[in-house]
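Laboratory data are not the source of any read-out in this text; all were calculated from the coordinates shown. These numbers come from a predicted model, not from an experiment. So basically every Cβ, Gly included, is an ideal-geometry build from the backbone, and we count neighbours across all protein chains shown.
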Amino acid sequence: MATKFDVELDEKTKLEFPKRYKVFLLNDDYTSMDFVVDILIKVFHKNYEEAERIMLEIHKKDKGLCGVYTYEIAETKISQVHKKAKDNGYPLKAVMEEE
Ligand code: TYC
């Protein structure tokens, strides 16, 4: 049975869902298709078919959705992409947008 105490507790413990952020890869003229597929598999946990589909979508439409995450996870994915790209001499870029 709800009491005055229960109502006050509910107001104080109101929970908000964390905001979610879409992470996109951007097209460029220099990064190899195989490298982008590899990034989609290793960083974004896509299977080969899905990774190839997303890579071709980016290649044709200039950007493609790779996943939706909380802010810190999105930021980590972007850092991982930029580090792997830099280590391999590619200019591949990832960006995030609030959902
Ligand atoms: N456009 C690149 C090429 O022709 C391939 C590519 C796809 C690059 C997706 C970046 O996010 C990207 N080699």
Region 23-45 versus region 57-97: alpha-carbon centroid distance in Å: 7 Å
Answer in debye to the nearest 20: the dipole magnitude of the chain about its Cα centre, from +1 Lys/Arg and -1 Asp/Glu charges placed on Cβ, is 180 debye
Report, in degrees rounded to the nearest 10, the 0 to 90 angle that the Cα long axis of helix 48-61 makes with the longest principal axis of the chain. 80 degrees
Charge dipole of region 14-98 about the Cα centre (unit charges at C-beta), most positive-ward option of Leu26, Pro91, Tyr69: Tyr69
Return the calculated 222 nm mean residue ellipticity for the chain, to the nearest 500 deg cm²/dmol, obtained by summing -39500 (n - 2.57) across DSSP H runs with n ≥ 4 and dividing by the residue count. -16000 deg cm²/dmol
Measuring from the longest principal axis of the C-alpha atoms of the chain, the long axis of helix 33-42 (C-alpha) lies at a number of degrees, nearest 10, equal to 30 degrees
